[in-house]
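Presented below is the structure to which this report refers.
The values are calculated or read from the model by the stated rules, or taken from the named source; none is laboratory data. Small disclaimer: the values here were computed from a predicted structure and weren't measured. Glycine gets a Cβ as well: all are built from the backbone with ideal geometry, and neighbour counts include every protein chain shown. Each accessible area value is taken on the protein alone, full model and side chains, heavy atoms only, with ligands, DNA and RNA left out. Shrake-Rupley method; radii C 1.70, N 1.55, O 1.52, S 1.80 Å.
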Amino acid sequence: MIEETIIRALCAAFAALGFGAVSNPSRRSLPFIMVLAAVGYALRYQLMQTLGFDIATATLAASLLMGFGSLWLGGRIRCPMTTLYIPALLPFVPGMYAYKAVFSIILFMQNINAPAEAFLHLNDFFLNIIVTVTVILCMTVGASLPMFIFSRRAKSLTRRTANKKTIFRG
Amino acid sequence: MYQSAKLKETTGFIADYAAVLLGAGVHCTRVLRNSRRICEAYGLELTMTIFASNIILTLSDPEQDEICTEVVHIRQIPVSFELNAELSALSWKVFDNKLNIAQVKEEYSQIMQKPRMNNWLVTLLVSVANACFCRLFGGDLGSMGLVFVSTFAGYLLLRFIKKLGIDHSLAVILVSFFSSFTCLGLASLPVLAGQVNVTVAVATSVLFMVPGVPLITGVIDMFENHVLIGFARLMRAILIVLCLAVGLSISMVIFRGSLLL
């Protein structure tokens, strides 16, 4: 179990690095993106496998941890939280469920004259689309929550001067 | 303090700055906050309306009782987290050090000229990432290898298609078809037949094009009350997922005569 968790955490780290690379991240943020993805994915996997959490709740907990992590790390390397947690969250995007939902629609349309078969595909569609939407909502809410709780700190992560006491009203 | 020409110049800069940030995939609240911060440094007030492809902004100078309005297209540029970080830092620099508009423009153009990550390195990293993604979905080493090769080939094609300036949705259909076709083709070679988990490999071979960034920023925008642009971003992402499925369906029908994996 531990070995599998470590392998999956490493895979998530490299997946975040690669998918993040498409979006041109800062060089200094790359190691932190990998760490956030690895820790988040390991937590999600452990919660699902050990404690029996469902995918949405486990994603919420993992992304919350990643949100706090990006708030802490963002201050150290002067990067906005979103530039750290968005690429780190990319391995969590339920792409497989999303396009299984699309396939279910196509298969439903192909079997529209066979109600029993069509009903199965309709069932698949709802299952996949509900998982997709719920997971995307949970990961976004979880990672963004620290931004709302510590909004003043989150707004000034890229500030380079020591004059952080000046409050910006925006 | 401000002559009309100066106010116009500042408005033009803020319009360009906001258009670049939005094009680079930054969520609306940050764009508004950064732009307002720069305006505040010059004693100006900013009002901005953001649509899916345009921005309307008005800068007003309360001291001189002058206003200037500009409508600008959101730039169609690739998502860039580096621009997000550097342009946010620039807004703080203007606010803290009171840089004049000429200095700001110079720093801005330096940031804009920074080169993106090397294309070959990105292609390699994306291929490794998708192979790792395959492992997360339960793929074995053989299927990871298949996904690596098909992603590499698909991403090369995507780069080529983008150079030709073909519409992005059409590009996604073509690349999705090509990647999954390559994966299915390799899996049917006698050497690999029955040795790899083809189902997971084929399903994962197109996932590198799932638009994760607009999906996440779209939801953030919705939560932060920018429903219009949030919805537009989500719809664009859903359209890309549909295109992915279409491309994959074509290769599935050619190879297996059915859509079932």
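Select, from A:S63, A:S104, the only residue that is touching a Gly at 6+ places or on another chain (Cβ under 6 Å) and not in a loop (DSSP other than H, G, I, E, B).
Details: A:S104 fails: touching a Gly at 6+ places or on another chain (Cβ under 6 Å).
Testing whether each residue is touching a Gly at 6+ places or on another chain (Cβ under 6 Å) and not in a loop (DSSP other than H, G, I, E, B) leaves just A:S63.
When the range A:10-59 is examined, which residues are found to be free of Cβ contacts under 8 Å to residues at least 40 places away in the same chain, outside any helix (DSSP H, G or I) and more than 9 Å from chain B (Cβ to nearest Cβ)?
Matches in the range A:10-59: A:L51, A:G52, A:F53, A:D54.
Scan the range B:72-113 for residues that are open to solvent by 90 Å² or more (accessible area, probe 1.4 Å) and without any contact (Cβ under 8 Å) to a residue 40 or more places away in the chain and report the count.
Summing the residues that are open to solvent by 90 Å² or more (accessible area, probe 1.4 Å) and without any contact (Cβ under 8 Å) to a residue 40 or more places away in the chain in the range B:72-113 gives 3.
Of the conditions (1) open to solvent by 60 Å² or more (accessible area, probe 1.4 Å); (2) touching a Leu at 6+ places or on another chain (Cβ under 8 Å), B:L228 clears all except one; give me its number.
(2)
Consider A:S26 carefully, then state whether it is among the polar types (S, T, N, Q) and surrounded by 24 or more Cβ atoms within 10 Å (Cβ to Cβ). Spell out the reasoning first.
Numbers: among the polar types (S, T, N, Q): yes; surrounded by 24 or more Cβ atoms within 10 Å (Cβ to Cβ): no.
No, not satisfied.
So which residues in the range B:158-176 are hydrophobic (A, V, I, L, M, F, W, C) and open to solvent by 50 Å² or more (accessible area, probe 1.4 Å), if there are any at all?
Within the range B:158-176, the first condition is being hydrophobic (A, V, I, L, M, F, W, C), and the residues that meet it are B:158, B:160-161, B:164, B:166, B:170-175.
Residues satisfying the conditions are B:F160, B:L164, B:I166, B:L170, B:L174.
Please determine whether any residue of the range A:1-10 is modelled with pLDDT of 90 or more, in contact with a Pro (Cβ under 9 Å, 6 or more places away or on another chain), surrounded by 17 or more Cβ atoms within 10 Å (Cβ to Cβ) and under 28 Å from B:L156 (Cβ atoms).
There is no residue in the range A:1-10 that is modelled with pLDDT of 90 or more, in contact with a Pro (Cβ under 9 Å, 6 or more places away or on another chain), surrounded by 17 or more Cβ atoms within 10 Å (Cβ to Cβ) and under 28 Å from B:L156 (Cβ atoms).
Considering only the range A:110-131, I want to know if a residue exists there that is outside any loop (DSSP other than H, G, I, E, B), open to solvent by less than 20 Å² (accessible area, probe 1.4 Å) and over 30 Å from B:S205 (Cα atoms).
No - not one qualifying residue is present in the range A:110-131.
Scan the range A:115-145 for residues that are more than 13 Å from chain B (Cβ to nearest Cβ) and either closer than 27 Å to A:A58 by Cα or in contact (Cβ under 8 Å) with a residue 12 or more places away in the chain (or both) and report the count.
Taking the range A:115-145 first, the residues more than 13 Å from chain B (Cβ to nearest Cβ) are A:115-116, A:118-119, A:122-123, A:126-127, A:130-131.
Checking the rest, the ones that are also either closer than 27 Å to A:A58 by Cα or in contact (Cβ under 8 Å) with a residue 12 or more places away in the chain (or both) come to A:122-123, A:126-127, A:130-131.
Summing the residues that are more than 13 Å from chain B (Cβ to nearest Cβ) and either closer than 27 Å to A:A58 by Cα or in contact (Cβ under 8 Å) with a residue 12 or more places away in the chain (or both) in the range A:115-145 gives 6.
Identify the residue in the range B:60-112 that is outside any helix (DSSP H, G or I) and of a type in the set (V, I, T) and, among all such residues, is farthest from the other protein chains (Cβ to nearest Cβ). Before you say what the answer is, go through the steps one by one.
The initial filter retains those residues of the range B:60-112 that are outside any helix (DSSP H, G or I), namely B:60-80, B:98-100.
Next cut, of a type in the set (V, I, T) only: B:67, B:69, B:71-72, B:74, B:77, B:79.
Working: B:I67: 19, B:T69: 20, B:V71: 22, B:V72: 20, B:I74: 17, B:I77: 10, B:V79: 4 Å.
Looking at the filtered set, the residue picked out is B:V71.
Return the pair list, or none, for Cβ contacts closer than 8 Å from residues in the range B:127-142 that are closer than 17 Å to B:A187 by Cα to residues that are among the basic types (K, R) and at pLDDT 90 or above, at least 6 apart or on different chains.
B:R135/A:R8
Hey, any hits in the range A:51-60 for a residue that's modelled with pLDDT under 90, on the phi < 0 side of the Ramachandran plot and under 12 Å from the mean Cα position of the chain (by Cα)? Give the derivation first.
Keep residues of the range A:51-60 that are modelled with pLDDT under 90, which gives none.
Scanning the range A:51-60 turns up no residue that is modelled with pLDDT under 90, on the phi < 0 side of the Ramachandran plot and under 12 Å from the mean Cα position of the chain (by Cα).
Please tell me if B:F181 is modelled with pLDDT of 90 or more and open to solvent by 10 Å² or more (accessible area, probe 1.4 Å). Please lay out each step first, then the result.
Numbers: modelled with pLDDT of 90 or more: yes; open to solvent by 10 Å² or more (accessible area, probe 1.4 Å): yes.
When the stated conditions are applied, B:F181 passes them.
Checking the conditions here, which among A:G40, A:G74, A:G95 is buried (at least 22 other Cβ atoms within 10 Å of the Cβ) and under 25 Å from B:V202 (Cβ atoms)?
On the way: A:G40 fails: under 25 Å from B:V202 (Cβ atoms); A:G74 fails: under 25 Å from B:V202 (Cβ atoms).
One residue alone meets the criteria, A:G95.
Given the structure, is A:K155 farther than 20 Å from A:A37 by Cβ and facing chain B (nearest Cβ under 7 Å)?
Details: farther than 20 Å from A:A37 by Cβ: yes; facing chain B (nearest Cβ under 7 Å): yes.
Yes: the conditions hold for A:K155.
Cβ contacts < 7 Å: first residue closer than 23 Å to B:I101 by Cβ, restricted to the range B:42-61; second residue open to solvent by less than 40 Å² (accessible area, probe 1.4 Å) and aromatic (F, W, Y), any location; separation 6+ or different chain. Result?
B:D61/B:Y2
Which one of the conditions (1) open to solvent by 20 Å² or more (accessible area, probe 1.4 Å); (2) more than 26 Å from A:A9 (Cβ to Cβ) does A:S104 fail to meet, given that it meets all the rest?
Among (1) open to solvent by 20 Å² or more (accessible area, probe 1.4 Å); (2) more than 26 Å from A:A9 (Cβ to Cβ), A:S104 violates only (1).
Would the range B:9-23 turn up any residue that is among the hydrophobic types (A, V, I, L, M, F, W, C), outside the structural domain of B:I216 (by TED's automatic domain parsing) and outside any helix (DSSP H, G or I)? Walk me through how you get there before you give the answer.
Kept after step one, since they are among the hydrophobic types (A, V, I, L, M, F, W, C), are these residues of the range B:9-23: B:13-15, B:18-22.
In the following step, the residues that additionally are outside the structural domain of B:I216 (by TED's automatic domain parsing) were identified as B:13-15, B:18-22.
In the following step, the residues that additionally are outside any helix (DSSP H, G or I) were identified as none.
No; the residues of the range B:9-23 include none that is among the hydrophobic types (A, V, I, L, M, F, W, C), outside the structural domain of B:I216 (by TED's automatic domain parsing) and outside any helix (DSSP H, G or I).
Taking the range B:199-220, which residues are more than 30 Å from B:L21 (Cβ to Cβ), in contact (Cβ under 8 Å) with a residue 60 or more places away in the chain and assigned to a helix (DSSP H, G or I)?
Residues of the range B:199-220 more than 30 Å from B:L21 (Cβ to Cβ): B:199-205.
This time we only want the ones that are in contact (Cβ under 8 Å) with a residue 60 or more places away in the chain, so: B:199-201, B:203-205.
If the condition is that a residue be more than 30 Å from B:L21 (Cβ to Cβ), in contact (Cβ under 8 Å) with a residue 60 or more places away in the chain and assigned to a helix (DSSP H, G or I), then B:T199, B:V200, B:A201, B:A203, B:T204 are the ones that fit.
Residues that are within 14 Å of chain A (Cβ to nearest Cβ), within 24 Å of A:P80 (Cα to Cα) and touching a Cys at 6+ places or on another chain (Cβ under 8 Å): does the range B:46-58 have at least one?
Among the residues of the range B:46-58, at least one is within 14 Å of chain A (Cβ to nearest Cβ), within 24 Å of A:P80 (Cα to Cα) and touching a Cys at 6+ places or on another chain (Cβ under 8 Å), which makes the answer yes.
Do the conditions hold for A:F119, that is, is it in contact with a His (Cβ under 6 Å, 6 or more places away or on another chain), over 28 Å from B:N130 (Cα atoms) and modelled with pLDDT of 85 or more? Full working, then the answer.
Numbers: in contact with a His (Cβ under 6 Å, 6 or more places away or on another chain): no; over 28 Å from B:N130 (Cα atoms): yes; modelled with pLDDT of 85 or more: yes.
No; evaluated as a whole, the condition is false for this residue.
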